[in-house]
There are 2 protein chains.
Amino acid sequence: MSVLVVGSLALDSIETPFGSAKDALGGSAVYIAAAASYFVNPVRLVGVVGGDFPSNGLAFLEERKIDVEGLQVIAEGKTFRWSGRYHYDLNERDSLSTDLNVFEKFDPLIPEGYRKSSFVCLGNIDPVLQRRVLDQMEKPRVVICDTMNYWIERKKKELQDTLRFIKILILNDSEARLLSREPNLIRAGRVIRSMGPSVVIIKKGEHGALMMTDTLTFSAPAYPMENIFDPTGAGDSFAGGFTGWLARSDDLSEPNLKRAVIYGSALASFCVEKFGVEGLRDLTYLQIQDRYREFRELSRFED
Amino acid sequence: MSVLVVGSLALDSIETPFGSAKDALGGSAVYIAAAASYFVNPVRLVGVVGGDFPSNGLAFLEERKIDVEGLQVIAEGKTFRWSGRYHYDLNERDSLSTDLNVFEKFDPLIPEGYRKSSFVCLGNIDPVLQRRVLDQMEKPRVVICDTMNYWIERKKKELQDTLRFIKILILNDSEARLLSREPNLIRAGRVIRSMGPSVVIIKKGEHGALMMTDTLTFSAPAYPMENIFDPTGAGDSFAGGFTGWLARSDDLSEPNLKRAVIYGSALASFCVEKFGVEGLRDLTYLQIQDRYREFRELSRFED
């Protein structure tokens, strides 16, 4: 089934305790599309870059067979830039600078040929823009959405408007608490489901992920990693792997939603093993299957 | 198989957002022994109380068929008292007061009839006392040990001396980081195993538990609770359920260690549903089996 991804394309400057990178390819749409591309081809991408977007960024998207018909290039503008520094324990980061540049006036125009896409994954952008994407779509089968603290704090009302049209919301634990005003994650999931999404997935970093529906609570383990190189993009890779698997299997049953959470977790684990998007560059489907089985071993126990 | 539990007996005064209790029965040995008593009888208990220890405390131990031959009663002394207050999110607590009383000079004398116990569970007490217990034992099959920040900070050398004789160490995530000086829990587990224990179990509260050996990493989910009444004793109930199941099954294989982690998690989940030890008072083995199966549903996914 066809997948449309809308989100940011960025040039990230990252410092971790293990190294640093300057103006490396990043952005939510890039990570989501790259992760999803291991399950379906071509993934359709809508986003915006400036004239300074490097050719190796485009080459990466091409390598991953991503359809860039919907990529807007503002020749005279500059690409969105973000820089951040991770702390020693990698669970926290400081944003050092955020230059929206061409992203400031981004209007996500969906090409005619994309409007019937069955699976839509909305990366973390302004909820008003997320809504504008949905207004252009023709009855997508599933809408999957990510968001973040920034929008919950600044545009909660707009976010809530958008959430009414979302089937699956993916967010992290602190965001879930912030959005629901509930410290207990199980209750937070219930409150968020009352805002619209019938499936809420809470990412918990080193503690795995929690998926909740009206009839299901599923606890997915985290992959036991001793060496996380760069956590950037982990959440987006999760969303991409999750969406990619759902679209490939075209099956929204609860057992298959669980599989999708594990595939999302697997792609996130590959992502953080290398710097930037490098962890999503050269995977094979066999590697992904092997990791899926490792997740099973990790959490399986017998009667 | 026979189980010996050594630890504290206390009168706890607890405030949570949902209520409070004064001088309620508590202490690591009480929770551990009560949880283990659902799997083996009688559990042998070594500890100390003052002349003020209430008869309903003794009645509870009797109800749970706990053998109190090793319980020292210092008629002229006062029982160990602890008071604490939980924050709104229940993940943090302030200790308001700690009066060691008779516990200050506690010398854990193991009765002759207890010295051949196969399974020894050392509750969170001074590592010097934990070691003194082990010196009196005659080749126990398994020693399971709990500890806490307090001892890691104040008696790290003594704790490390004790750890050389421990097979299974149970501690929480912040304690694991503190003891190993490693923020990454997988590496923390490796560092702690190098100190002696071949099995390290890291309790992560609302995120479940992680068990690590040289050949296994097992991620156990947390039971999805919307209403935690009182987190006091959850960790001890985990240790008790874990020890009780191991002793009942007398099987130290990896699949059975995993089962024990789930039984420990199940007993902890019952514990926090009510105030103090009330959650461990009237369980049935059937209820425990049902909860075990709920844990399976929670984390199971298919190929």
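Some points to look at:
- Dipole orientation for the protein assembly as shown: of the candidates B:I14, B:Y88, B:G240, B:G240 has the Cα lying most toward the positive pole (charges on Cβ; Lys, Arg +1; Asp, Glu -1).
- Taking every DSSP bridge with both residues inside the protein assembly as shown, close to 40 percent are antiparallel.
- The stretch B:159-263 - share of DSSP beta bridges that are antiparallel (%, nearest 5): 60 percent
- The stretch B:29-113 - share of DSSP beta bridges that are antiparallel (%, nearest 5): 50 percent
- Exposed loop sites were defined as chymotrypsin sites (Phe, Trp or Tyr not before Pro) in DSSP loop states (anything but H, G, I, E or B) carrying at most 12 other C-beta atoms within 10 Å; in chain B the longest segment without such a site runs B:89-303.
- Chain B: DSSP helices with Cα axial extent of at least 20 Å and average Kyte-Doolittle hydropathy no lower than 0.0: B:234-249, B:254-271
- Set the Cα radius of gyration of the stretch B:69-221 against 2.2 N^0.38 Å, with N its number of residues, and you get 1.12.
- The longest part of chain A holding none of the exposed loop GluC sites (Glu not before Pro), meaning those outside H, G, I, E and B in DSSP with at most 16 other Cβ atoms within 10 Å, is A:139-225.
- The Cα atoms of the stretch B:23-159 give a gyration tensor whose axes a ≥ b ≥ c have a/c under 1.5, which makes the shape rounded.
- Charge dipole of the protein assembly as shown (Cα centre as origin; +1 on each Lys and Arg Cβ, -1 on each Asp and Glu Cβ, all else neutral): 380 debye, rounded to the nearest 20.
- The stretch B:3-299, relative contact order [Cα under 8 Å, separation at least 6], %: 18 percent
- Average beta-carbon neighbours from other chains, 10 Å sphere, peptide A:196-209: 2
- Averaged over the residues of peptide A:182-189, the number of Cβ atoms from other protein chains lying within 10 Å of each residue's Cβ is 5.
- The Cβ shell under 11 Å around A:H87 holds other residues with a net charge of -2, Lys and Arg each +1, Asp and Glu each -1.
- Residue among B:L169, B:A59, B:M148 farthest towards the positive dipole end of chain B, charges placed on Cβ: B:L169
- Applying D = kT/(6 pi eta Rh) to the protein assembly as shown, where Rh is the Kirkwood radius over alpha-carbon pairs, T corresponds to 10 °C and eta to 1.306 mPa s, the Stokes-Einstein value obtained is 62 µm²/s.
- Shielding by other protein chains, A:274-280, mean Cβ within 10 Å: 0
- Average silhouette area of the stretch B:113-180, convex hull of alpha-carbon atoms, in square nanometres: 4.1 nm²
- Largest first, the three principal axis extents of the alpha carbons in chain A are 62, 42, 36 Å in whole numbers.
- Binning the C-alpha pair distances of the stretch B:209-303 at 10 Å intervals from 0 yields a P(r) profile of 16, 50, 28, 6, 0 %, listed from the shortest bin outward.
- Value at 222 nm in deg cm²/dmol, rounded to 500, when DSSP H runs of n ≥ 4 in the protein assembly as shown each add -39,500 (n - 2.57): -10500 deg cm²/dmol
- 20 °C / 1.002 mPa s Stokes-Einstein diffusion coefficient of the stretch A:1-58, Kirkwood radius on C-alpha pairs, µm²/s: 172 µm²/s
- Partner lysines for A:K105 [C-alpha distance under 29 Å; skip if fewer than 8 residues away on the same chain]: A:K22, A:K65, A:K78, A:K116, A:K139, A:K155, A:K156, A:K157, A:K167
- Kirkwood's formula applied to the C-alpha pairs of the stretch A:68-147 gives a hydrodynamic radius of 14.9 angstrom.
Quick note: the coordinates plus some simple rules give every number you see, no bench work behind them. Owing to the predicted nature of the structure, the values given are computational and were not obtained by experimental measurement. With ideal geometry, Cβ positions are generated from the backbone for all residues, glycine too; neighbour counts draw on all protein chains shown.
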